[in-house]
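First up is the structure itself, then whatever we jot down about it.
The values are calculated or read from the model by the stated rules, or taken from the named source; none is laboratory data. Since the model is a prediction, treat every value here as computed from it, not as a measurement. Methodologically, a virtual Cβ is constructed for each residue, glycine included, from the backbone with ideal geometry; neighbour enumeration extends over all protein chains shown.
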Amino acid sequence: MNTKATSRPTFPFTAIIGQEEMKLSLILNVIDPKIGGVMIMGDRGTGKSTIVRALIDLLPPIEVVENDPYNSDPQDPELMSSEVLEKIKKKEQLSIIKVKTPMVDLPLGATEDRVCGTINIEKAISEGLKAFEPGLLAQANRGILYVDEVNLLDDHLVDVLLDSAASGWNTVEREGISICHPAKFILIGSGNPEEGELRPQLLDRFGMHAQIKTLKEPNLRVKIVQQRESFDKDPINFKNKYKEEQEKLTTKIEQARKKLKEIKISYDLMEKISQVCSELNVDGLRGDLVTSRAAKALAAFEEREEVTTRDIFTIITLCLRHRLRKDPLESVDSGFKVQQTFKKVFNYE
């Protein structure tokens, strides 16, 4: 496991201009990973990867068991590998260190063995050991797994990623040998809609769906270009300019995480969320659940005790637009359709 921060400097999250939809989706998922990840669709060159990589700098370091390939949490048995649990049972002393929250990039050509890990059958038979070589899912435990061009990934592999992200576990079975380890991570996928959409049943399993577009205003485009040039010229100095803003946002995220359990949402608002989902013919209950979770995360982020109608309006498009059934003859944008239904049900102007 790499315990050092990557030497390549990352562009500061607070310096990113525009793309509010995507930034909000990422922050809310970091506050409550149970939202279920983000799918980001947008044109090429709109800074999707830059924003995702910038997110990691906002996250506080985590405590891990040293030399454990699964970033095992020394306090939480649910996030420990079987080796660490065994050590605790034997009352062995654990060496604990702090590391940066892991961020794993999934390469496009990755095989299932590279992602899930492999069992060395020969070693297992000859030495009677479960010789497991952990994969990328092990590295991503308690962190972020980022898949660029997720729509070009093999559907089976996307399925494996979504299963692990939802259950928090990865199971590898070969020749009658089975290994299970924690794999709790926030899954972030990005893609270009020109290269094809994900299958609806896979898309539905992402908690939120952010769309990002190329900015049209010339003055903002110039500002982005200037910022990028300043960063490339002197990244350390550029990052220092945003240090205070970055620290403020990190503190806000940490406080929201702690506050999340106390946030209340009224029965009336929950019923209206379900009515919106019902009128939009959203299959299953995932849409209702994610909308409620995201609204609570937003209320926690904005330091309030209770979810408001405004909170729901802010996030409902991100939570539902990818769950609507596609009608090839319909010209209305799915996001606009969600907003119209919301305004009607909530009587919101």
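If you take the residues of the range 216-260 that are of a type in the set (A, V, I, L, M) and more than 29 Å from Ala299 (Cβ to Cβ), which of them is surrounded by the fewest Cβ atoms within 10 Å (Cβ to Cβ)? Don't jump to the end; show me each part of the working.
From the range 216-260, those of a type in the set (A, V, I, L, M) are 220, 222, 224-225, 236, 249, 253, 256, 260; that's our starting set.
If we keep only those that are more than 29 Å from Ala299 (Cβ to Cβ) too, we end up with 220, 222, 224-225, 236.
On the way: Leu220: 12, Val222: 10, Ile224: 16, Val225: 10, Ile236: 8.
That would be Ile236.
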What number of residues within the range 290-323 satisfy the criterion of being in a helix (DSSP H, G or I) and of a type in the set (D, E, K, R)?
6
Which of the residues belonging to the range 167-181 are modelled with pLDDT of 85 or more and over 13 Å from Gly135 (Cβ atoms)?
Ser167, Gly168, Trp169, Cys180
Only one of (1) in the same structural domain as Leu28 (by TED's automatic domain parsing); (2) within 26 Å of the chain's Cα centre (by Cα) does not apply to Leu269, and that is (1)
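Restricting attention to the range 161-210, report how many residues are assigned to a helix (DSSP H, G or I) and of a type in the set (A, V, I, L, M). Even if it seems obvious, please write down each step before you answer.
Just the residues of the range 161-210 that are assigned to a helix (DSSP H, G or I), to begin with: 161-167, 193-195, 200-203.
Checking which are of a type in the set (A, V, I, L, M) leaves us with 161-162, 165-166, 202-203.
Summing the residues that are assigned to a helix (DSSP H, G or I) and of a type in the set (A, V, I, L, M) in the range 161-210 gives 6.
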Test Leu85 against the stated conditions and say whether it is in a helix (DSSP H, G or I), in the same structural domain as Gly207 (by TED's automatic domain parsing), in contact with a helix residue (DSSP H, G or I) (Cβ under 8 Å, 6 or more places away or on another chain) and surrounded by 13 or more Cβ atoms within 10 Å (Cβ to Cβ).
no
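Could you pull out every one of the strands (runs of 3 or more DSSP E) wholly within the range 109-158 that has 2 or more residues that are at pLDDT 90 or above? Don't jump to the end; show me each part of the working.
Values: elements: 117-119, 132-134, 144-148.
Passing ranges, in order: 144-148.
Check Asp113, Asp43, Asp73 and return the single one that is exposed (fewer than 14 other Cβ atoms within 10 Å of the Cβ), in the same structural domain as Leu157 (by TED's automatic domain parsing) and either closer than 15 Å to Gly189 by Cα or under 20 Å from the mean Cα position of the chain (by Cα) (or both).
On the way: Asp113 fails: either closer than 15 Å to Gly189 by Cα or under 20 Å from the mean Cα position of the chain (by Cα) (or both); Asp73 fails: exposed (fewer than 14 other Cβ atoms within 10 Å of the Cβ).
Selected residue: Asp43, the only one of Asp113, Asp43, Asp73 that is exposed (fewer than 14 other Cβ atoms within 10 Å of the Cβ), in the same structural domain as Leu157 (by TED's automatic domain parsing) and either closer than 15 Å to Gly189 by Cα or under 20 Å from the mean Cα position of the chain (by Cα) (or both).
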Could you check how many residues of the range 265-282 are modelled with pLDDT of 95 or more and not in a helix (DSSP H, G or I)?
2
